[in-house]
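J.: Got a structure here, written out as structure tokens. Questions coming.
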Amino acid sequence: MVDQFQELNPAAFRSALAQFPSGVTIVTTRSEAGTLHGFAASSFAALSLDPPLILVCLDRGADCFPVFMAAKHFVVNIVTGAHADLALKFATKDENKFADGNFELDEAGNPLLPDAAAVISCELEQAVPGGDHVILIGRVRDARTGAGKPVTWYRGGFLPLGERAA
């Protein structure tokens, strides 16, 4: 029997994924020591309405990985065009990611962006291995919407909703 699948070219896979516009989020938490941590994620989705669950994927190689694995709560901030530079900063290993953001703390002490398109506060329900990432499943404890329009990530750049793609 001939294997119909050849060795996958990682660059071709990334290129194919870039053809799918996805939302952009900044996911945040606070460590037990009180330090703020976060990462940018485009792998985010609603999982269930009853019970209210979301999922977001975290790279196992991220500096904040151990903190999120130990965290009881996290916040998903759906970013607007005004947060584009901030989201790019959260996609790096920069140590001072929170310096340029207008973050506030929620009831659990986790950072949130009050001017985000939406803010979803979660309790960590489960962490499921998924290749080089882990899928964080969060039980939604609070959800708020803002006035700004979310942006999508498409072909390596931000694309505001309501505009035509090139």
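The values are calculated or read from the model by the stated rules, or taken from the named source; none is laboratory data. What you see is a predicted model, and the numbers here were worked out from it, not measured in a lab. Please note: Cβ atoms are built from the backbone with ideal geometry, for glycine as well, and neighbour counts cover all protein chains shown. Ligands, DNA and RNA are stripped out before the accessible areas are found, and what is left, the full protein with its side chains, is counted by its heavy atoms. Shrake-Rupley method; radii C 1.70, N 1.55, O 1.52, S 1.80 Å.
J.: Let me spell out the model: positive unit charges on the Cβ of Lys and Arg, negative unit charges on the Cβ of Asp and Glu, origin at the Cα centre of the chain. What dipole size does that give, in debye rounded to 20? Intermediate results must be reported in sequence, preceding the final value.
T.: Details: 13 positive and 19 negative charges, 61 e Å.
Dipole magnitude for the chain comes out near 300 debye.
J.: While we're looking at this one, here's another question. Quickly work out the Ser15-to-Glu104 label distance, labels modelled 7 Å from Cα along the C-beta direction, and quote it in nm with one decimal.
T.: 4.6
J.: Could you give the accessible area per residue of the chain, probe 1.4 Å, as a whole number in Å²?
T.: Numbers: 9980 Å² over 166 residues.
I get 60 Å² per residue for the chain.
J.: Next question. Quick one: if you stick a label point 7 Å off each Cα along the C-beta vector at Ala45 and Ala70, how many nm between them?
T.: So the label points at Ala45 and Ala70 sit 3.1 nm apart.
J.: Still on this structure, I have one more. Mean separation of Cα pairs under 8 Å and 6+ residues apart, divided by the residue count of the range 54-166: what relative contact order is that in percent? All intermediate terms of the calculation are to be shown ahead of the outcome.
T.: Working: 184 pairs, mean separation 35.4, N = 113.
For the range 54-166, the relative contact order is 31 percent.
J.: What are the ³J(HN,Hα) couplings of the range 38-44, residue after residue, when phi is run through the Karplus curve with 6.51, -1.76, 1.60 and θ = phi - 60°? Round to Hz, x for glycine and proline.
T.: Taking θ as phi minus 60°, the curve returns x, 8, 8, 9, 9, 8, 9 Hz for the range 38-44.
J.: I've got another one for you. Have a look at Asn102, Val151, Pro114 and report the one farthest towards the positive end of the charge dipole of the range 84-166, computed about the Cα centre with Cβ charges (Lys/Arg +1, Asp/Glu -1).
T.: My answer, from the dipole projection, is Val151.
J.: Can you work out the FRET efficiency for the pair Ala84 and Ser31, with r the C-beta to C-beta distance and R0 = 25 Å, to the nearest 0.05?
T.: Details: r = 27 Å, r/R0 = 1.06.
Working from the Cβ atoms, E equals 0.40.
J.: If the reach is capped at under 23 angstrom between alpha carbons, list the lysines near Lys149, excluding any in the same chain fewer than eight residues apart.
T.: Reachable lysines: Lys89, Lys97.
J.: Let me ask something additional. Which option, [x] 0.94; [y] 1.14; [z] 1.07, is the value of Cα Rg over 2.2 N^0.38 Å that was calculated from these coordinates?
T.: Computed from these coordinates, Cα Rg over 2.2 N^0.38 Å corresponds to label [z].
J.: If you count, for each residue, the other Cβ atoms within 10 Å and average over each peptide, how do 19-31, 84-96 line up from highest to lowest?
T.: Details: 19-31: 20.5, 84-96: 15.0.
Highest to lowest by the protection proxy: 19-31, 84-96.
J.: For the range 64-103, which whole-number percentage of the solvent-accessible area (1.4 Å probe, protein heavy atoms only) is attributable to carbon and sulfur atoms?
T.: 53
J.: Under unit Cβ charges (Lys, Arg +1; Asp, Glu -1), what dipole magnitude, rounded to 20 debye, does the range 113-166 have relative to its Cα centre? Kindly include the intermediate steps, with their values, before the conclusion.
T.: On the way: 6 positive and 6 negative charges, 45 e Å.
Approximately 220 debye in magnitude.
J.: Tell me, what HN-Hα J-couplings in whole Hz come from the Karplus equation 6.51 cos²θ - 1.76 cosθ + 1.60 at θ = phi - 60° for each residue of the range 120-134, using x for Gly and Pro?
T.: In residue order, the calculated couplings are 10, 8, 10, 9, 5, 8, 6, 10, 10, x, x, x, 7, 10, 10 Hz.
J.: Order the peptides 55-64, 102-111 from the highest to the lowest mean number of other Cβ atoms within 10 Å of their residues. Intermediate results must be reported in sequence, preceding the final value.
T.: Details: 55-64: 17.8, 102-111: 15.6.
Per-residue mean Cβ counts within 10 Å order the peptides as 55-64, 102-111.
J.: Next up: Quick one: check the C-alpha center-to-center distance for the range 67-115 versus the range 11-36, whole angstrom.
T.: For the range 67-115 versus the range 11-36, the Cα centre distance is 11 Å.
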